[in-house]
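Structure first, then comments.
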Amino acid sequence: MRFPSLVFRNVVRRRFRTALTLLALATAMAAIVSLLGIVKGFQKSFADVYDVHAVDVVVSRQGSADRLSSSLDAGVAERIAALPAVARAAGVLLDTLSVEREGVYGVPTMGIAPGSWLLEDFTAVANAGGEAGTLALAGPRDLLLGTNLAERLGKRSGDTVELFDEPYRVAGVFRSPSVWENGSLVLPLATLQQIADSGGQVTYVNVVLRRPLPPGGLDRAVAEIGGLDPRLLAMATGDFVKTDTRMRLAGAMAWMTSFVAIVLGAIGTLNTMMTSVHERTQEIGILRAIGWPRSRVLAMILGESCGLAVVAAVLGALAAVVFTNLLARAPAAAGILAPAIDLPILAQGFLIALGIGLLGAWLPARRAARLQPTEAFREQR
């Protein structure tokens, strides 16, 4: 019997125990891949908010613990726009509102000036009658709805939405490449400032630099913007997203939870392989007696464990893809969650699975490899 065939036979010989081990490992892999995919999708959705508008620099308030709740004087956008390296700049006020009559809570809300270039990057969605209309905030009681939010509310252009018992007209429904924006609503900046009691304030300023951008032009522009006022924190968009507190916290929580899954998977594998080695003590002794070296016995046990881990990784990845897609389609998560389970995530899951297989089988494999034939037969009596 060839070596790979022997390893395969050993794995499938105890089918019920193998199935339980695969279930435990696959569940751990599904949890790890799902969490990493959700976090990556969350980060991508956050980055898309700025990439959609080709934003090069994001300006918030220096020293703010949470940059997405910082507060700047709205007039700083004009000062930034006047810089030679800046093509355009626009302030955005962020808040979270609820449409209580429709039972929809925690809606991301953006306050944007009615004539802002930020609105130009949205695509108007046609009504059932076929008219897409235009995306314009003509009055203080106008608002725009992202496609996912409009679907949750059952609203279209021309309908009315009540906020704080006040009627607002849906001036348009828009689609954005950003999942986050598709689940948000847009109000005139002055209106949201009044609602949030943030008169004359914005959360941050989006900045687009002039093209072509010379070498080192981004860093110089960031320095120039920061030089306008020591209270300003200007950051390249990529740095702003990567260092955001929410993004870092989400990543840390995902890896902490994944670590727990890794430990549980390793313990399960250790228990299975230790039991397997104990049951096959005499068999291993015979293999040692007929001339198998320790390295071959070690490779056999590790091969069995890694084989289980690889199958579990495949099953776990498939389960993660199905689960996260179902979760993303749930009404509560639509427009908020967009998992990004891509090849790097799957590769990480595969490597983690192999690591669990090696970690869980190392001690049993060493014990099996050190068995002397005489000891093996004596232990089996």
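The values are calculated or read from the model by the stated rules, or taken from the named source; none is laboratory data. What you see is a predicted model, and the numbers here were worked out from it, not measured in a lab. Methodologically, a virtual Cβ is constructed for each residue, glycine included, from the backbone with ideal geometry; neighbour enumeration extends over all protein chains shown. Heads up: the accessible areas ignore ligands, DNA and RNA and are worked out on the full protein's heavy atoms, side chains in. Shrake-Rupley method; radii C 1.70, N 1.55, O 1.52, S 1.80 Å.
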Counting only residues that are surrounded by fewer than 21 Cβ atoms within 10 Å (Cβ to Cβ) and in a strand (DSSP E or B), the range 169-185 contains a total of 3
Quick check: is even one residue across the range 228-251 within 30 Å of residue 310 (Cβ to Cβ), in contact with a helix residue (DSSP H, G or I) (Cβ under 9 Å, 6 or more places away or on another chain) and surrounded by 14 or more Cβ atoms within 10 Å (Cβ to Cβ)?
yes
Limited to the range 66-106, what total is found for residues that are open to solvent by 70 Å² or more (accessible area, probe 1.4 Å) and part of a strand (DSSP E or B)?
4
So is residue 151 in a helix (DSSP H, G or I) and under 13 Å from residue 109 (Cα atoms) or not?
no
Hey, among the residues in the range 37-65 that are open to solvent by 40 Å² or more (accessible area, probe 1.4 Å) and of a type in the set (D, E, K, R), which one's farthest from the chain's Cα centre (by Cα)?
61
Among the listed residues 103, 91, 115, which satisfies the condition of being out of contact with any Pro (no Cβ under 6 Å at 6 or more places or on another chain) and touching a residue at least 12 places away in the same chain (Cβ under 8 Å)?
91
Sort out which residues of the range 252-261 are among the aliphatic types (A, V, I, L, M) and open to solvent by 40 Å² or more (accessible area, probe 1.4 Å), and write them in order of number.
252, 253, 256, 260
So, in the range 143-167, of the ones that are over 18 Å from residue 123 (Cβ atoms) and in contact with a Pro (Cβ under 9 Å, 6 or more places away or on another chain), which residue ends up least open to solvent (accessible area, probe 1.4 Å)?
161
Matching residues, the range 1-42, being of a type in the set (Ser, Thr, Tyr) and modelled with pLDDT of 75 or more:
21, 27, 34
Considering only the range 284-381, give the helices (runs of 4 or more DSSP H) lying wholly within it that have at least 1 residues that are within 30 Å of residue 102 (Cβ to Cβ), modelled with pLDDT of 75 or more and open to solvent by less than 50 Å² (accessible area, probe 1.4 Å).
294-329
Tally the residues that are part of a loop (DSSP other than H, G, I, E, B) and at pLDDT below 75, restricting the search to the range 229-283.
1
Looking only at residues in the range 58-86 that are among the polar types (S, T, N, Q) and modelled with pLDDT under 90, which one is nearest to residue 227 (Cα to Cα)?
62
Within the group 191, 109, which residue is more than 25 Å from the chain's Cα centre (by Cα), buried (at least 19 other Cβ atoms within 10 Å of the Cβ) and not in a loop (DSSP other than H, G, I, E, B)?
191
